[in-house]
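Report on one structure; see the data block that follows.
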Amino acid sequence: MTQRVLVIDDERGVGESVRSLLADDGVECSLADDALHGLKLAEDPAIGAVLLGLSPATRGGIETLRALRERRPALRVIVLGAATAQDLLLEALRRGAADYLAKPIHEEELRLAVRRALDATQTATRFESLRARLAGLADDLSAWQGAPEEGSPEDAADALIESASLLLGAARTSLLVADGEDRLRVAAIRGGDHTADELATMSVRDSVAGLALAAEEGLLIDDVDRDERCAGRARRGRYGSGSALLVPLRGASGALGVLCATERPVAQPFAEEDLALARLLAFAASPRLAPPAPPLETAPPASDPEEAVRVELARGVAAALCAEIEPGPLLRAALHAVAEQLAASPVSLYLLDSRAGSLALEAVGSDARKDRQRLPRDRGLAARVLQGSGPLASERPEEEPGFAPEVDTPEDGVVGPLCVAPIAIRGRVLGLARAFLPAGRSASLRTAEVLGTSLSAAVRNALLYRSLLESIDDLARARREANEKKS
């Protein structure tokens, strides 16, 4: 919309002078020599700025300013007055005037002040419009939220295009949905001469809606017939105006359809804020348009009271992996997390010592009870786990086949609930972890599996770090030896 300037001044020569000066900039002026006529002309939304003359004798200009601000708060008013009327000019500024110019008017000051006022009015008008439309959108969403959940997708489609029409100021809105692999059909339409059932399907490949279906944020088009993106897709003369807005709707399983809006007044093409509002509307409407999910045929699994323990156990070991990097502190922190979650003591990690042919204690997570420094690899429940039988969890380990008290108890020899898990990396068992639980408490095999998997990750990180350090040492040694040979 082309904005005009309104001059309200009882000095006719002032208006004519302003009109002449602004004509060179392509700005049109309307003139009024009294307040009543000026207030009537200011009702035209094309008026984007007002130059208002102030008269020290009558003070009528202040009342006119007040009336303009009440009727059109976004309209910027520049007051004109004699340089000697400082008190009057300051009062006008306090009452909402955007700027002031002293008579006689300086040409460049006039041009700059008018341009600022026109831009400010346009911005304020768009802001007020956006705020009002956001309020309308909020009302629509609230109504949708309160609607019965069993409403059909067809009802949701009709509600969507009705809201879009009002929100975007479009005379024609429609919703297109997939009809087969490469076709779109009109599911709902508002405006135009045909119902949705009377309109033929269209090709995704050859239609502008199909182009929008793949767009992440949608399409904002000033003129469909001239837009290069629509070449080969648009049908010239199909709409009364070339401006169009198209937004894809997506659900959990993919694209649901395209919301289209057009037939807006020629002087008011769709803008970025329209696209943003349409995207919000589409996002909110998508769940209502998705087909209902089929009911589950199987009952949910029974809750596992130990699941929370397993989750916290894994989380604690993962936290240790993030907090520590050196092998010793890392393994101790991981075992300490296990001890806390299982209320166990001791919790120990053993790794195979190939030279000694036994398991060597690598780290412990609690000092309350001591564990054995070495374990044989061919006796007791430890041997059973090492030989591939998988993890073990037993409230009464002494009743388990192969139990050996000199192996399967801590250093104090007290028998109690036991959890043992292999430490394996890439299918190769490198050792085991074991935790002695309080009397009367047991752990499941699933918990033992989580224990083994979590601590295997910790051991892997520790071994990789050691390997890195050894590689650095080997490289430094090789360089020293090479330098010694050169010297």
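Listing for the model above:
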read-out: Order of TYR100, TYR350 - criterion: other Cβ atoms within 10 Å of each residue's Cβ, fewest first; value: TYR100, TYR350
read-out: Reported label for calculated Cα extents along the principal axes in Å given (1) 114, 69, 60; (2) 66, 62, 45; (3) 80, 51, 37; value: (1)
read-out: On Cα atoms only, tilt of 60-71 relative to the major axis of the chain in degrees; value: 40
read-out: Antiparallel bridge percentage (DSSP; both residues within the chain; nearest 5); value: 70
read-out: Local electrostatic count at ALA46 - Lys and Arg +1, Asp and Glu -1, tallied over other residues with Cβ under 11 Å; value: -2
read-out: Rounded to the nearest 20 debye, dipole of the chain from Cβ charges on Lys, Arg, Asp, Glu; value: 1520
read-out: Net lengthening on full extension, GLU306/GLU16 (0.36 nm per residue, minus Cα-Cα); value: 95.6 nm
read-out: Nearest 10 degrees, 0 to 90: helix 153-168 Cα axis against the chain principal axis; value: 50
read-out: Förster-model FRET efficiency, 45 Å R0, LEU166 and ASP33, C-beta, rounded to 0.05; value: 0.65
read-out: FRET efficiency, 1/(1 + (r/R0)^6) with R0 25 Å, evaluated for VAL415 and ASP378 via beta carbons; value: 0.75
read-out: Between 0 and 90°, nearest 10: helix 327-342 axis offset from the chain longest Cα axis; value: 90
read-out: Extension gain (nm, one decimal) between ASP193 and ARG355, 0.36 nm per residue minus Cα-Cα; value: 49.3 nm
read-out: Net length gained if the chain between PHE127 and ALA83 were fully extended (0.36 nm per residue, minus Cα distance); value: 12.4 nm
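Only the coordinates and a few stated rules stand behind these numbers; no lab work does. Note that this is a predicted model, so its numbers are computed, not measured. Cβ sites come from the backbone with ideal geometry, for glycine too, and all protein chains shown count toward neighbours.
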